[in-house]
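Here is the structure we will look at.
The values are calculated or read from the model by the stated rules, or taken from the named source; none is laboratory data. Because the structure is predicted, anything quoted here is derived from the model rather than measured. Neighbour counts are summed over all protein chains in view; Cβ atoms, including those assigned to glycine, are modelled from backbone coordinates with ideal geometry. Just the protein is used for accessible areas: all its heavy atoms, side chains included, with ligands, DNA and RNA removed. Shrake-Rupley method; radii C 1.70, N 1.55, O 1.52, S 1.80 Å.
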Amino acid sequence: MIDLAALSGAVAAHGRVARIVVATAEGSAPREAGAAMLVWRDGSAGTIGGGALEWTAMERARVLLASGTAPVLQRVPLGPALGQCCGGAVTLLTEIFGTATLPRPEAGVFARSVDGRPMPLAVKRLLAKARGAGSLPVAALVQGWMVEPVLSPRRPLWIWGAGHVGRALAAVLAPLPDLAVTWVDVAPDRFPDAIPAGVTCLPAADPALLVAHCPAGADHLVLTFSHALDLELCHRLLTRGFASLGLIGSQTKWARFRSRLRTLGHSDPQIARIRCPIGDPTLGKHPQAIAIGVAQDILHRQVTQAARQERAR
């Protein structure tokens, strides 16, 4: 998927930017088709993987930035060309974007010719399907045209609390492409100076009032500085509805919360939907370790859900 927000932000900050996307991946390759990175004169963002593959691709992109030559499509056999043991091959498409040349997608799809040929029927059909049924194609090189769906985070995730664990979670989860992260705390000065790209910060004197405005199908991670606020958030979220709800805490805290939530009128099956503690306790209590465990859980559930949806088709 092409992340238009990230591309626009990079262009605004650095001027002309090269974008390298894996157009095709054959055999054993570091990343899949659609994986992309941005490169500018003295920096980069994202990854196409592969170590030597990425390094040489970045060097070539900077040459193209200086010369203005683009787009360039190059097939790279990883073993013969770079001495990598993957054994596969990738085709990389490098394009240059500036303020006046940012992508103009149609129906959520960015489709363009890489060699000047007219749009083939296969691409016309993909665009028609996107317009008519909202069915986005996978990233692919189709008869000389690169086709990519536009990144549109579909899974709202709310992080309640900007302490050490909240900061670790925001940093680890923000880059995941399918998440739209909203970060809540009681005041602006609770948040770090640098907010991860794509994260929406909502300072609110009474965060519990925001629950009424959350999507009913959102995921939530509750880890504020106050046990009383944590409890109120859990109470309101149980009433509001959610896709998942994780609460940071010990077994003692969780036992007390279960008792108090029962007193507030919630049934045991409802309360059991809350996961406490969050993450993987075997990884320890370091904020980054908690964040890694939470990210693993989210990714596992994403993969499982996608597999169920694929079987149902």
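Other residues with beta-carbon under 14 Å from the beta-carbon of residue 89 carry, at +1 per Lys or Arg and -1 per Asp or Glu, a net charge of 0. Computed over the chain, relative contact order equals 12 percent, with contacts defined as Cα pairs under 8 Å that lie 6+ residues apart. Using only side-chain charges placed at the Cβ, +1 for Lys and Arg and -1 for Asp and Glu, the dipole size of the stretch 125-278 relative to its Cα centre rounds to 560 debye. When the chain is treated as a GNM with alpha-carbon contacts under 10 Å, the residue of 244, 28, 67 showing the greatest mean-square fluctuation is 67. In the stretch 12-117, Cα pairs under 8 Å separated by at least six residues give a relative contact order of 32 percent. Computed from the Cβ-Cβ distance with R0 of 51 Å, the FRET efficiency linking residue 42 to residue 256 stands at 0.45.
Among 166, 217, 34, the largest mean-square fluctuation in a Gaussian network model of the chain (Cα springs under 10 Å) belongs to 217. When only alpha carbons of the stretch 3-122 are considered, Rg and Dmax amount to 14.3, 41 Å. With the biggest extent put first, the Cα atoms of the chain measure 68, 42, 40 Å across the principal axes. With R₀ fixed at 35 Å, the C-beta to C-beta distance from residue 14 to residue 138 puts the FRET efficiency at about 0.75. Candidate cross-link partners of residue 124 among the aspartates and glutamates, defined by an alpha-carbon separation under 14 Å and a same-chain spacing of 8 or more, comprise 106, 148. The simple Förster model, with R0 at 45 Å and r as the Cβ-Cβ distance, assigns residue 59 and residue 216 a FRET efficiency of 0.40. In this simple spin-label model, placing a label point 7 Å from the Cα along the Cα-to-Cβ direction at both residue 282 and residue 270 gives a separation of 3.4 nm.
Only lysines eight or more places from residue 285 in sequence, or on another chain, were considered; those with a Cα closer than 25 Å are 253. Dipole magnitude for the stretch 234-313: computed about the Cα centre from +1 point charges on Lys and Arg Cβ and -1 point charges on Asp and Glu Cβ, it is near 300 debye. Principal axis analysis of the Cα atoms in the stretch 94-164 yields extents of 53, 32, 19 Å, listed in decreasing size.
Looking at the chain, the accessible area is 50 square angstrom per residue; that uses a 1.4 Å probe and ignores ligands, DNA and RNA.
Can you give the helix-only mean residue ellipticity at 222 nm for the chain, where every DSSP H stretch with n ≥ 4 adds -39500 (n - 2.57) and the sum goes over all residues, rounded to the nearest 500 deg cm²/dmol?
Computed ellipticity for the chain at 222 nm equals -11000 deg cm²/dmol.
Computed in the context of the full set of protein chains, the accessible area of the chain at 1.4 Å probe radius has 57% of its extent on carbon or sulfur. In this simple spin-label approximation, residue 131 and residue 300 carry label points 7 Å from Cα along the Cα→Cβ vector, and these lie 4.4 nm apart.
The length gained on full extension between residue 239 and residue 202, counted as 0.36 nm times the residue separation minus their Cα-Cα distance, comes to 11.2 nm.
In percent, what relative contact order does the stretch 178-313 have, based on Cα pairs under 8 Å that are 6 or more apart in sequence?
Result for the stretch 178-313 is 16 percent.
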